[in-house]
1. May I ask you to list the residues in segment 173-206 that are touching a strand residue (DSSP E or B) at 6+ places or on another chain (Cβ under 7 Å) and either open to solvent by 10 Å² or more (accessible area, probe 1.4 Å) or over 18 Å from Gly142 (Cβ atoms) (or both)?
2. Does segment 289-305 include one or more residues that are open to solvent by 10 Å² or more (accessible area, probe 1.4 Å), in contact (Cβ under 8 Å) with a residue 40 or more places away in the chain and part of a helix (DSSP H, G or I)?
3. Tell me which of these Val328 doesn't satisfy, since it passes every other one: (1) in a helix (DSSP H, G or I); (2) buried (at least 23 other Cβ atoms within 10 Å of the Cβ).
4. Let me spell it out: the conditions are (1) in a loop (DSSP other than H, G, I, E, B); (2) buried (at least 22 other Cβ atoms within 10 Å of the Cβ), and His226 meets all of them except one. Which number is the exception?
5. Based on what the data block shows, is Glu370 closer than 30 Å to Arg320 by Cβ, at pLDDT 95 or above and charged (D, E, K, R)?
6. Name the residues in segment 231-242 that are surrounded by fewer than 11 Cβ atoms within 10 Å (Cβ to Cβ) and among the aliphatic types (A, V, I, L, M), would you?
7. Of all residues in segment 389-415, which are within 20 Å of Ala128 (Cβ to Cβ) and either part of a loop (DSSP other than H, G, I, E, B) or open to solvent by 30 Å² or more (accessible area, probe 1.4 Å) (or both)?
8. Against the definition (among the β-branched types (Val, Ile, Thr), assigned to a helix (DSSP H, G or I), within 26 Å of Val326 (Cα to Cα) and within 24 Å of the chain's Cα centre (by Cα)), how does Val217 come out, yes or no?
Amino acid sequence: MAWRKVRESVQLSSLCKGLGLTRTPVHARGVTTKADPFTTNNTSDDILQVNNGEQLFSKLTSKELLKTLLNLQLVAYEPVVDLSIKILTSSWMKSPLFRAAVVPVLDKTAYSHFCAGENVEAASRTLARMWELGLRGVMTYGLEDATDSDSCDQNLEKFLQVVRQTSQLPPESVSMACVKISAICPIQILERVSNLLRWQHVKKDHKLPWKQDAIPVLAESSPTYHVQSPPEPLSEVEESHLAHAHNRLAKLCQACESEGIPLLVDAEYSVVQPAIDYIINVAASEFNRGRLPLVYATIQTYLKDSFPRLSLAVKSSHHRGLSYGVKVVRGAYISRENALAAALRVPSPIHSDIGATHRCYNFCAGYMLEQASSEDVSVVLATHNMESGRAAAAKVQELGLSRGNPRVQFAQLKGMADVLSLSLAHAGFRVSKVLPFGTVPEFVPYIVRRAEENRGLLGNTAIDRQYLRNT
């Protein structure tokens, strides 16, 4: 598959480098060369040609254009978003009659806009359409927050089915598979492990007998207010649940390696994120020993400690002789994080305003692009922000990285930032749409987060709506 071929090519490139046949990268691993790594002397105006809407949308049918415009209008209208969130998170959804009335409406609007279909076959058809538009796909089953081992085992089988299905799709059309750790590890185990990791971070001499040697997950500035006193040690049953979670992720990694596609692991909310990062890093110790990573983590830059954790992971991976892959995103659990901090009467872990989040995102993105030039780091820049996309494109050019370099990819969610996606793809960059799929009830939590994100970032949909109206 494409990833395996690229990995072999990169290994050959590394061999040539060792023989002195290529130049030595100027950026040291784990070191930023500028105060602001996103500072660039280049202009991206000639890189992303976004002025020609007709050219960008030339391969979309009139029906697709109209449906997209209508759905974007809906999610951009705050009263509609507020009412939708209230309905979808209310106890009314437990009523079969009420749910029967709501689901068909949801199916024709937000669900069809953001989701790729009910099953892997439907998602494959959506991916084939993306491929026709010059876009790749990140296949992800919309499952999360499992509560028991049986559910985790069932979810794993669904994820494995997705991976196996990729062999039936056009070569290179699938950029990655995607999983949430909370779908393959009981959520209560993730909470317990996270609290124990935080406590050990505070009390360095605290012993965790089940903990494996892996890349650290917490930086010095990482908040630890989630735990105020020593947590109880994991019981034998809990340790068994954790071991099964490691095995499930390893099995999924093996399947991805066999099919030749990387595995992207999504970030979740801070209560469980340390455990998620720990499980990822254990898998990375085994599967990221090639020149290109198989396992990608995710960093959410709306968190104040995102850059310290990111730079720690890069440096630690280098010291361990591992390649490192990460998706850089802004984040989608704002309400949840702020509510928890308020309840505990502590400062929010999230930046105080959207401007600070934008600056942190751009800083992390620029840092990772510089590291990508050292040939042991890969990054997926997941953004719906046009200015961040422009700046990243310019930075790629300034660093002398080819636009099709497999170490640098861009990604947007299905249904969002299509102007940015198509502009980057037309300019020759690797661009993917994240294609989550599953039944409508399975997708309610996902749709609520998308609705909340759009409510806070209306400017992103405004660009798409403007271009669609003018097409």
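1. The answer is Ser173, Val174, Ser175.
2. Checking segment 289-305: not a single residue is open to solvent by 10 Å² or more (accessible area, probe 1.4 Å), in contact (Cβ under 8 Å) with a residue 40 or more places away in the chain and part of a helix (DSSP H, G or I).
3. Val328 satisfies all of (1) in a helix (DSSP H, G or I); (2) buried (at least 23 other Cβ atoms within 10 Å of the Cβ) except (1).
4. (2)
5. On the way: closer than 30 Å to Arg320 by Cβ: yes; at pLDDT 95 or above: yes; charged (D, E, K, R): yes.
The answer is yes for Glu370.
6. The first filter runs over segment 231-242 and keeps only residues surrounded by fewer than 11 Cβ atoms within 10 Å (Cβ to Cβ), leaving 232, 235-237.
Selection gives Val237 alone.
7. Listed by number, the residues that qualify are Lys414, Gly415.
8. So Val217 does not fit the description; no.
The values are calculated or read from the model by the stated rules, or taken from the named source; none is laboratory data. Keep in mind it's a predicted model, so treat the numbers as computed, not measured. Don't worry about glycine lacking a Cβ; one is built from the backbone with ideal geometry, like all the others, and counts go over all protein chains shown. When the accessible area is computed, the model is the full protein with side chains, heavy atoms only, and any ligands, DNA or RNA have been set aside. Shrake-Rupley method; radii C 1.70, N 1.55, O 1.52, S 1.80 Å.
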